[in-house]
Amino acid sequence: MDFFLHLVNGGAGNLAAYLAAHVLLCLLPAFFTAGAMAALIPKASITRWLGRNARYRVSYPAAAAAGSLLAVCSCTIVPLFAGIYKKGAGLGPAITFLFFAPAGNILALAYTGSILGAEFAFARFVLSLLFGIGIGMLMAVLFWRSDASHDAQTDALFAKQASIGPAATGVLLSLVAVLIAGTLKLWPLTATVGTVTLPLPWAEAWQATLFDWVPFDAAKGEEGVSVQGSLLILLLLLIGSTAWKGLEDIVEGANRWTWVALCLTAVTLLVAALKLTPGPDALEVALTGRALAVGLALWSVLHHARRLDADAWRAWLWEAWRFVKQIFVLLVAGVFVVGVVRQLIQPEWIQNLAGRNDLMANAVAVVFGVFMYFPTLVEVPVAHMFLDLGMHRGPLLAYLMADPELSLQSILMVAAVIGRRKTFTYVGLVAVFSVVAGLTYGAWVDGVNPAGIAIGLAAFVGSLVALLGWLLRRRQAPAHA
Amino acid sequence: MKTVKILGSGCANCKKLEAVAREAATTAGVEAEFLKVTDMKAIMAYDLLATPGLVINDKLVSSGRIPTQAEVRQWMIG
């Protein structure tokens, strides 16, 4: 029984620490940004580059952009993937889109960055982009025969043109500014502009109570809940309950609760940007550069949002709310389970299996990623747990590349659209590319001479190009005969 | 009697769209039969790039977004 309580406590502590610290400053604006991208960027502004007559120099980058900007949930990913494959640019760009979407979308980037570090998010982004295009091209060459004969329908689906209005652009840029101001750990955002001391005698006692409730061991990478954190959790619960009343029927118009929920969201972001330090008989509130920057960016969001027409901002808020409902609940459950599991895993196991950056460790990480299925974004706290337990960052990246791409669900979905043979080839390629990505990033982390890494990558890319060239020649040869 | 199809794999937006469409049919006084289409192949038979899709009498009227009740009423009557 004690052991069981210990496990539950581990889960609850992990959850509280996440809610209090990481999630707020990145996920709250990230949900709004993802919602704005889904609602305010007309799909036709990108899909028009994905028609069947698009040149490959245009269609591959466009497919990556579609993955990054349009696709956060399977509602968009599956139909767009099938559409690009069957009625548009073909197998290659469709695969690039499919591969890049889970790693390149704004939610994944913001979340990876805030939990595992900006450098790691950058590596995940760049390597996914490069390898997504690489795998797409390889698939296109391998299966050129069936690709050439894919059903000849009209190009009407991709012919529509649209552009993003100035108000929508302003909202998107301002939201990205909120995201950056809230998460980057750089001067002058971290500087303290001034301090106010509030006479709150219970602050220090409350902090002691919190540490008592959520005991933590910094050596194991665990985090406690601060006074500020407890305030943020309270605000988060308030947002949740008011948003339910205010955003559920937002499509038909806003009500009082909508404004309450939005104001609470802004307040939460501002509170999270302050620095609260409990002292004897008082609570010291430090006004940071970050709070000023977040405030400014929020004002900019409001300024541009007022110029959106009613349909647009309603759709924006609905999409944001939908992402929250769809992803946040699973994420909360996932973080809890990760906290429980962490109590059961011995760090030695992880260190023995994947503590070094070698082929074996990367392969193990990829196999784990393929056989484990975690809901959207839960792969990130899982990765964080492995990192704390001593996993090397190289295999960690390999795992993060493979896991969202190769869950059983996505394999079945892809197989339904493109058939089994192509799917297994795709799975194999992703596994190989993920291992290479892990080895590359791991070598960089280990401080291997960048020139050496460049030569290694160049050799890999070179052999790929040679293989592509050989396959291309083979494909042209029968045509001459 | 109209035939209304909701295209989508069962995500939150599809449920919302169905609720909006049913409400619109009731308020417009239009008799309608509702069908949910979840099979990907059947969905891709229509020209759409994002679900949810709304089909009234086999014509795709909206896709990738949730229309308002007023819009759906117009399509139902027209």
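The values are calculated or read from the model by the stated rules, or taken from the named source; none is laboratory data. All values reported here derive from a predicted model rather than from experimental measurement. Methodologically, a virtual Cβ is constructed for each residue, glycine included, from the backbone with ideal geometry; neighbour enumeration extends over all protein chains shown.
If you check A:Gly295, A:Gly279 for being touching a residue at least 60 places away in the same chain (Cβ under 8 Å) and more than 19 Å from B:Thr68 (Cβ to Cβ), only one passes: A:Gly279. For the range A:296-312, the count of residues that are among the polar types (S, T, N, Q) and either surrounded by 20 or more Cβ atoms within 10 Å (Cβ to Cβ) or over 12 Å from A:Val178 (Cα atoms) (or both) is zero.
Considering (1) at pLDDT 85 or above; (2) within 12 Å of the chain's Cα centre (by Cα), the lone condition that B:Thr38 does not fulfil carries the number (2).
Listed here are the residues, each with its yes/no results for (1) surrounded by fewer than 17 Cβ atoms within 10 Å (Cβ to Cβ); (2) in contact with a Pro (Cβ under 8 Å, 6 or more places away or on another chain); (3) within 14 Å of chain B (Cβ to nearest Cβ).
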position	(1), (2), (3)
A:Trp318	no, no, yes
A:Leu331	no, yes, no
A:Val338	no, yes, no
A:Leu344	yes, no, no
A:Gln351	yes, no, no
A:Ala354	no, yes, no
A:Met360	yes, no, no
A:Ala365	no, yes, no
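Only one entry of B:Ala32, B:Ala21, B:Ala70 meets the criterion of being modelled with pLDDT of 85 or more, more than 10 Å from the chain's Cα centre (by Cα) and more than 11 Å from every other protein chain (Cβ to nearest Cβ), and that entry is B:Ala32. On the stretch given as the range A:49-64, residues that are surrounded by fewer than 19 Cβ atoms within 10 Å (Cβ to Cβ) and of a type outside the set (Val, Ile, Thr) total 6.
Here's the yes/no breakdown for (1) at the interface with chain B (Cβ under 8 Å from one of its Cβ atoms); (2) farther than 13 Å from B:Met44 by Cα; (3) without any contact (Cβ under 8 Å) to a residue 12 or more places away in the chain; (4) out of contact with any Ser or Thr (no Cβ under 9 Å at 6 or more places or on another chain):
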{"position": "A:Thr76", "(1), (2), (3), (4)": "yes, no, no, no"}
{"position": "A:Tyr85", "(1), (2), (3), (4)": "no, no, no, yes"}
{"position": "A:Leu91", "(1), (2), (3), (4)": "no, yes, no, no"}
{"position": "A:Leu109", "(1), (2), (3), (4)": "no, yes, no, no"}
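Out of A:Asn53, A:Asn14, A:Asn9, one residue alone is outside any helix (DSSP H, G or I) and of a type in the set (S, T, N, Q). It is A:Asn53. Inside the range A:277-316, residues that are within 13 Å of chain B (Cβ to nearest Cβ) and closer than 14 Å to A:Leu262 by Cβ make up a count of 2.
Taking the criterion of being crowded, with 18+ Cβ neighbours inside 10 Å and at the interface with chain A (Cβ under 8 Å from one of its Cβ atoms), the residues of the range B:41-67 that qualify are B:Ile43, B:Met44, B:Leu48, B:Leu49, B:Ala50, B:Thr51, B:Pro52, B:Gly64, B:Arg65, B:Ile66. Taking first residues from the range B:1-20 that are without any contact (Cβ under 8 Å) to a residue 12 or more places away in the chain and partners that are buried (at least 18 other Cβ atoms within 10 Å of the Cβ) and of a type outside the set (Gly, Ala, Ser), the Cβ contacts under 9 Å between residues at least 6 apart in sequence or on separate chains come to B:Ala12/A:Cys73; B:Ala12/A:Cys75; B:Ala12/A:Arg322; B:Ala12/A:Gln326; B:Lys15/B:Ile6; B:Lys15/B:Pro52.
For the residues A:Val301, A:Val285, the requirement of being touching a helix residue (DSSP H, G or I) at 6+ places or on another chain (Cβ under 6 Å) and either of a type outside the set (Ser, Thr, Tyr) or in contact (Cβ under 8 Å) with a residue 24 or more places away in the chain (or both) singles out A:Val301.
Of the helices (runs of 4 or more DSSP H) that lie entirely inside the range A:70-137, those containing 2 or more residues that are among the aromatic types (Phe, Trp, Tyr) and under 15 Å from the mean Cα position of the chain (by Cα) span A:91-104.
If you take the residues in the range A:419-445 that are among the aliphatic types (A, V, I, L, M) and closer than 17 Å to A:Phe125 by Cβ, which one is surrounded by the most Cβ atoms within 10 Å (Cβ to Cβ)? Among residues in the range A:419-445 that are among the aliphatic types (A, V, I, L, M) and closer than 17 Å to A:Phe125 by Cβ, the one surrounded by the most Cβ atoms within 10 Å (Cβ to Cβ) is A:Ala437. The criterion of at least 2 residues that are over 20 Å from the mean Cα position of the chain (by Cα) and in contact (Cβ under 8 Å) with a residue 24 or more places away in the chain is met, among helices (runs of 4 or more DSSP H) falling completely within the range A:364-481, by A:408-418, A:420-445, A:450-480. In summary, A:Gln476 fulfils each of the numbered conditions (1) at pLDDT below 80; (2) surrounded by fewer than 23 Cβ atoms within 10 Å (Cβ to Cβ); (3) in contact with a Phe, Trp or Tyr (Cβ under 8 Å, 6 or more places away or on another chain) with the single exception of condition (3).
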